[in-house]
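Reviewing the structure listed below.
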Number of protein chains: 2
Amino acid sequence: MSNNHNVTSVKGEEYLKGIAIDIVIFGFNENQLKVLLLEYKSTGLLGLPAGYILKNENLNDAARRVVSERTSLKDIFIEQFYVFGDTSRHDTKPIKKILSAEGASTQPDHWLLDRFISVGYFALVDFKKVIPQPDQISNNCQWYDLSDLPNIMLDHNLIIKKALETLQTNLDSKLIGFNLLAETFTMAELQSVYETILNKKLQRTAFQRKMLSLAILERVAKRMTGGAHKAPYLYRFIKNETL
Amino acid sequence: MSNNHNVTSVKGEEYLKGIAIDIVIFGFNENQLKVLLLEYKSTGLLGLPAGYILKNENLNDAARRVVSERTSLKDIFIEQFYVFGDTSRHDTKPIKKILSAEGASTQPDHWLLDRFISVGYFALVDFKKVIPQPDQISNNCQWYDLSDLPNIMLDHNLIIKKALETLQTNLDSKLIGFNLLAETFTMAELQSVYETILNKKLQRTAFQRKMLSLAILERVAKRMTGGAHKAPYLYRFIKNETL
DNA sequence: TTAATATTGTAACATATTGAGACAATATGT
DNA sequence: ACATATTGTCTCAATATGTTACAATATTAA
């Protein structure tokens, strides 16, 4: 699981050249969407979790590997959403800064200083299960509020924006919101996920009726919440039995 | 516009290595979806129009360039739909066959024999405006019925399948079907496009009511069709004025 | 010239879906 | 025991969609 090769070495021979994977890892906590970011050592630079593709590795497996390495989770929901391939992305300044901080070579033929095409993925994870892990060249890996993001290096703010747009578009049709919650959840929690992603209030009763009509939820038990009110049911997402 | 460099040369130095673009060019004629395919010289192999990215070229521009070269059109609707990056795609047999037929080198370090990641695009074009153009290493470029496709090399049948699925999914939400028709069209023609893509019959009156309610169609004039019946209106697609 | 025919545009009605409010049920705190 | 907040479900209104009907009309046939 751990790298035994230094990504900052001049050649990067284990990896396909010119192709990177950038991953927007979404979490959900306290009615807020969160994004996992790395802080590169001694540079103040922030970046999305990223990685490269091993020469005999499937693209999707590489994306899963990167998510696993940063979150300590496995079996994660990921989805490709866009490939970023404009020439204007090719900005060597932050890369040089990161390499310098590592004491690595910044000679022009360093593989990381070439132009890269980035395949954008997003991942939806259970916030509470994640144990953030910095990578080799960062000293910090932590959650940031999506609604209050700092400046992130290169075009990563744009990548997050596009990821969110895709998530919003696909939320209803692909029924993927459940991946942000624990195994069991209340209808109110699910509604909060939807409201936060779509950035609008939803009708409580209509939401409940619709979700139940989809026949994708299994009622598990009542939960005693400790609140001064009726206890809600807990639900579990029923995976599509045709798969 | 024309290549002054031979893609079959060993180095392919003008292009980014390891990244290809495969394009599913959809046309619509006689109530059928069509796909443009190339036949490689003296090999019997069929393939999707494909290309590589020039070192200082935007990814999307490269895709547009390839579509333009094969169709003789410009200003074409294209959309990324998936990146194909499984290791199982790496099958050098058909590539060697094509290179051999060209009299080109098939030594193992030929750049085209490396593993490639393919960015899949689909394009929607006006069938009647297209003048198919073979590329440098093919001797034929022609339309095939989507419903009766031959075997195509590598994973290109799969790529077409995925392109169609994306087209079906996005047809209503992104209002892109118009790109398959001429500048003006009848409601019946538009309905036929929808029915063919979605592979199901639609209710005539409900379809008309819905399309008109979207406020994206401008009525142009009546057309005398030569048929023994009432003449239909012609419509034009109104591009979103907020863009 | 007139009638027959096929298709078009729109209206009308039925049915289905969604929006919005009402209300009983119920854990907990007072 | 009562007050309070939230939940689950019901009802009715508003909207959207499915379906049928029918007048309008460009051509062909009589």
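The values are calculated or read from the model by the stated rules, or taken from the named source; none is laboratory data. Keep in mind the model is a prediction, meaning the values are calculated, not measured. When we count neighbours, we look across all protein chains shown, and the Cβ atoms used for this are built from the backbone with ideal geometry, even at glycine. All accessible areas refer to the heavy atoms of the entire protein, side chains included, with ligands and DNA or RNA removed. Shrake-Rupley method; radii C 1.70, N 1.55, O 1.52, S 1.80 Å.
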Which listed residue, of A:Val193, A:Val220, is assigned to a strand (DSSP E or B) and of a type in the set (Val, Ile, Thr): A:Val220
Single residue of the stretch A:179-190 satisfying the filter (in a helix (DSSP H, G or I) and not acidic (Asp, Glu)) that is surrounded by the fewest Cβ atoms within 10 Å (Cβ to Cβ): A:Ala188
Out of B:Tyr15, B:Tyr82, sole residue that is open to solvent by 20 Å² or more (accessible area, probe 1.4 Å), touching a strand residue (DSSP E or B) at 6+ places or on another chain (Cβ under 8 Å) and within 14 Å of chain A (Cβ to nearest Cβ): B:Tyr82
Selection from the stretch A:95-145 of residues that are among the hydroxyl-bearing types (Ser, Thr, Tyr), without any contact (Cβ under 8 Å) to a residue 24 or more places away in the chain and either farther than 17 Å from A:Gly44 by Cα or within 14 Å of chain B (Cβ to nearest Cβ) (or both): A:Thr106
Pairs with Cβ under 7 Å, 6+ apart, first in the stretch B:209-226 and more than 14 Å from every other protein chain (Cβ to nearest Cβ), second open to solvent by 80 Å² or more (accessible area, probe 1.4 Å) and within 14 Å of DNA strand D (Cβ to nearest atom): B:Arg219/B:Tyr233; B:Lys222/B:Tyr233
Residue ID - nearest to the other protein chains (Cβ to nearest Cβ), chosen from residues in the stretch B:85-94 that are assigned to a loop (DSSP other than H, G, I, E, B) and more than 20 Å from B:Thr43 (Cα to Cα): B:Gly85
Scan of the stretch A:211-232 for residues that are within 11 Å of DNA strand D (Cβ to nearest atom) and within 29 Å of the chain's Cα centre (by Cα), ordered by number: A:Met211, A:Leu212, A:Leu217, A:Arg219, A:Val220
Hey, B:Val193 more than 12 Å from DNA strand D (Cβ to nearest atom), modelled with pLDDT of 90 or more and buried (at least 16 other Cβ atoms within 10 Å of the Cβ) or not: yes
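Every residue, every condition in (1) within 13 Å of DNA strand C (Cβ to nearest atom); (2) open to solvent by less than 80 Å² (accessible area, probe 1.4 Å), yes or no:
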{"position": "B:Asn157", "(1), (2)": "no, yes"}
{"position": "B:Lys161", "(1), (2)": "no, no"}
{"position": "B:Leu167", "(1), (2)": "no, yes"}
{"position": "B:Gly177", "(1), (2)": "no, yes"}
{"position": "B:Ala206", "(1), (2)": "yes, yes"}
{"position": "B:Met211", "(1), (2)": "yes, yes"}
{"position": "B:Met224", "(1), (2)": "yes, no"}
